[in-house]
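Here the structure comes first, spelled out in structure tokens, and everything after it is commentary.
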Amino acid sequence: MTVSTITQLQDRVLAALEACGVPTPDGSGELLTRSPLTGEALVPLTRTTLAEAEDAVARAHEAFLEWRDVPAPERGRVVKRWGELLTEHKRDLAILVQAEAGKSMSEAEGEVQEMIDICDFAVGQSRMLYGKTMPSERPGHRLMETWHPLGVVGVISAFNFPVAVYSWNTALALVCGDTVVWKPSEMCALSALGAHQLLARAVAESGAPEDIHQLVLAGRDVGAILVEDPRVALVSATGSTRMGREIGPQVAQRFGRCLLELGGNNAAIVTPSADLDLALRGIVFAAAGTAGQRCTTMRRLIVHESVVDTLTERLVAAYRTLTIGDPRDESVLVGPLINEGSYRAMVDAIEAAVAQGGEVLVGGNRVLAAEMPDAYYMEPTIIRMPTQSEVVREETFAPILYVMTYSDLDEAITLHNDVPQGLSSAIFTTDQAEAEIFLSGAGSDCGIANVNIGTSGAEIGGAFGGEKETGGGRESGSDSWQTYMRRATNTINYSGQLPLAQGVKFL
Ligand code: UN1
């Protein structure tokens, strides 16, 4: 465990902001983000008012009317420039992400790399907004689909990936001809300012309409504007299932479109044939990495009874080597929880697990509390559970891994799917049939199903999202771009006749 001797977090943050081109905040304002690294307050910022948020939507809507007419490959140029600026300022933005989300530098830089990757992807996509042509049943007719810009996209993002998930949405929305109003997590307002400023620079340098991108620094009350305003054609929200349950019906009520990225309760199955060296590394990164604060964090491990003792013994030993502390020290692998609420949720979940028959195998203690009483560093924990009890079925956004056993694969898959959430999943096996069964329709019911890698750390090229209480949305790669556009089906008659479909006769 590492006690940080590094001070001057504030200076580091101000320098990074300045490098991204953000004017130095004047020290006034009521929005105070608190660094989970030390618990100290960072730079105060001014919150966006309700009127300003309404204005942001209006300006984004005005800009949309212009932006949708710009040819898509031309729109891609803005995103290309954004990607270049993100590459140039990767470290600066990562410093802000680290200060606010508490990640190791490698993971913080990885997050910015995801932004760069999605920019590359979106630039390519800007020349590939393909529609299908299908044979018409009528002679002298053409039947085809065309894709058109949708409108204003409201992006609501969470603290744990404060800039990457936002950029998945924004890079695609912009090439699709949409404009964006972004409400980041208030806990990560400085990272948001950095990312927004780099985009504002890309917009200015590319000569695109200034208002295609708006940042709203505010809480739920102001965020509600995005949910309610009919000009916001798509609300893309990342956060808790509780949040999704609230906003989903509200957006549906006005027939808006929603893209929801909600809770996960991701599991891995370890079969008797698994390569345990590989499984061990995959599990430790997915379960303890990012201090358990990824949507994709591995929270459940379903292990065949013949290998459970060997595997858990090795996992416990590996967990004991994890360095926990202020990740400005580059040897640290596990940083802090975001705040006291997360710490309490972790403590409560551990207590509940023990009350439900669980045995803590390792971890679960708070560390560095004396040195940093306002920062919440927790040892990642592994808890052996007799059954998939209530606490296991809930998502606790902290590094808790529940271990359960199984005797045959069907039983493992049933256990795996028997939770309300459906984001990510994995199987560790060297038996091809087992892998195929897990990936089949009767296997994992998640949006992401992996073989011989952990549940977290997806690449941007695939569609990202999950089923059931995860919300059903897909963002990032593959054909997710279609969510950011509206589809028109066109029938063109060049026959000079007017044959009706289905052979209908009239007049
Ligand atoms: C999230 O936790 O909200 O797959 C996103 C991953 C990352 C993205 C996580 N690429 O773990």
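Equivalent-ellipsoid semi-axes (√(5λ), Cα gyration tensor) for the range 266-462, whole Å, largest first?
Listed largest to smallest, the semi-axes of the range 266-462 are 27, 17, 16 Å.
Taking every DSSP beta bridge that has both residues in the chain, what percent is antiparallel when rounded to the nearest 5?
Values: 24 of 66 bridges.
Given both bridge residues lie in the chain, the antiparallel proportion sits at roughly 35 percent.
What nm value, rounded to one decimal, do you get for the distance between S440 and H141 when each label is placed 7 Å out toward the C-beta?
4.1
Working from the pairwise distances between different alpha carbons, so that the mean of 1/r is found and then inverted, what is the range 229-362's Kirkwood radius in Å?
Evaluated on the range 229-362, it is 17.7 Å.
Within the range 241-278, name every residue whose backbone N is under 12 Å away from a label modeled 7 Å from Cα of T430 along the Cβ vector.
Residues passing the 12 Å test: 272-278.
With label points built 7 Å along Cα→Cβ from the Cα atoms of E205 and K132, find their separation and express it in nm.
Here the answer is 4.0 nm between the modelled labels.
Quick check for me: using +1 on Lys/Arg Cβ and -1 on Asp/Glu Cβ, what's the dipole size of the range 266-462 about its Cα centre, in debye to the nearest 20? Before the final figure, lay out each step's value.
Numbers: 11 positive and 27 negative charges, 74 e Å.
The calculated dipole for the range 266-462 is roughly 360 debye.
Taking the Cβ-Cβ separation of D221 and R487 as r and a Förster radius of 22 Å, what is the calculated FRET efficiency to the nearest 0.05?
That gives a FRET efficiency of 0.05.
Expressed as a rounded percentage, what relative contact order does the range 266-462 have, with Cα pairs under 8 Å and six or more residues apart?
30
Work out the FRET efficiency for E228 and F506 from their Cβ-Cβ distance, taking R0 = 35 Å, and round it to the nearest 0.05.
0.20
Quick check for you: with a 1.4 Å probe and neighbouring chains kept, what is the accessible area per residue of the range 266-462, in Å²? Walk me through the numbers on the way to the answer.
Numbers: 7410 Å² over 197 residues.
Using a 1.4 Å probe on heavy atoms only, each residue of the range 266-462 averages 38 Å².
If the convex hull of the alpha-carbon atoms of the chain is projected onto planes in all directions, what is the mean projected area in square nanometres?
The Cα convex hull of the chain, projected and averaged over all directions, gives 26.6 nm².
Can you return the aspartates and glutamates within cross-link range of K505? Criterion is Cα-Cα under 16 Å, with same-chain partners fewer than 8 residues away left out.
Once the sequence-local aspartates and glutamates are set aside, what remains near K505 is E137.
So how much slack lies between L276 and T46, counting 0.36 nm per residue of separation and subtracting their Cα-Cα distance, in nm?
Extending this stretch completely gives an extra 77.7 nm.
Can you give the helix-only mean residue ellipticity at 222 nm for the chain, where every DSSP H stretch with n ≥ 4 adds -39500 (n - 2.57) and the sum goes over all residues, rounded to the nearest 500 deg cm²/dmol?
Taking each H run of at least 4 residues, the total per residue is -12000 deg cm²/dmol.
Provide the FRET efficiency to the nearest 0.05 for the A355-R314 pair, computing r from the beta carbons and using R0 = 22 Å.
Rounded to the nearest 0.05, the efficiency is 0.20.
Using unit Cβ charges (K, R positive; D, E negative) and no other charged atoms, how large, in debye to the nearest 20, is the dipole of the chain about its Cα centre?
With Lys and Arg at +1 and Asp and Glu at -1, about 1460 debye.
Just going by the charge dipole of the range 266-462, with Lys and Arg at +1 and Asp and Glu at -1 on Cβ, which of V332, I283, G441 is farthest out on the positive end?
V332
Accessible area per residue of the range 1-147 at 1.4 Å probe, in Å²? Intermediate values should be presented prior to the final figure.
Numbers: 6960 Å² over 147 residues.
Value for the range 1-147: 47 Å² per residue.
What is the distance in Å between the Cα centres of the range 430-475 and the range 211-255?
So the separation of the two Cα centres works out to 27 Å.
Roughly speaking, to the nearest percent, how much of the chain's 1.4 Å accessible area is carbon and sulfur?
The C+S portion of the solvent-accessible surface of the chain is 51 percent.
Using square roots of five times the C-alpha gyration tensor eigenvalues, list the equivalent-ellipsoid semi-axes of the range 1-135 in whole Å, biggest first. Show your work: numbers first, answer last.
Values: eigenvalues 245, 96, 32 Å².
Working through the eigenvalues yields semi-axes of 35, 22, 13 Å.
Please list, or write none, the lysines whose alpha carbon is within less than 24 Å of the alpha carbon of K103, excluding same-chain residues fewer than 8 places away.
Within the straight-line cut-off, K103 pairs with K90, K183.
Among Q482, A345, L17, pick out the residue whose Cα is farthest towards the positive end of the charge dipole of the chain, where Lys and Arg carry +1 and Asp and Glu carry -1 on C-beta, about the Cα centre.
About the Cα centre, the residue reaching furthest to the positive side is Q482.
In Å and on Cα atoms, what radius of gyration and Dmax does the range 221-284 show?
Considering the range 221-284 through its Cα atoms, Rg and Dmax are 18.8, 54 Å.
Find, to one decimal place in angstroms, the Kirkwood hydrodynamic radius of the range 176-253, where the mean of 1/r is taken over every pair of different Cα atoms and then inverted.
13.8
The values are calculated or read from the model by the stated rules, or taken from the named source; none is laboratory data. Small disclaimer: the values here were computed from a predicted structure and weren't measured. Every residue, glycine among them, receives a Cβ derived from its backbone with ideal geometry; neighbour counts consider all protein chains shown. The protein model used for the area step is the full one, side chains on, heavy atoms only, and it has no ligands, DNA or RNA in it. Shrake-Rupley method; radii C 1.70, N 1.55, O 1.52, S 1.80 Å.
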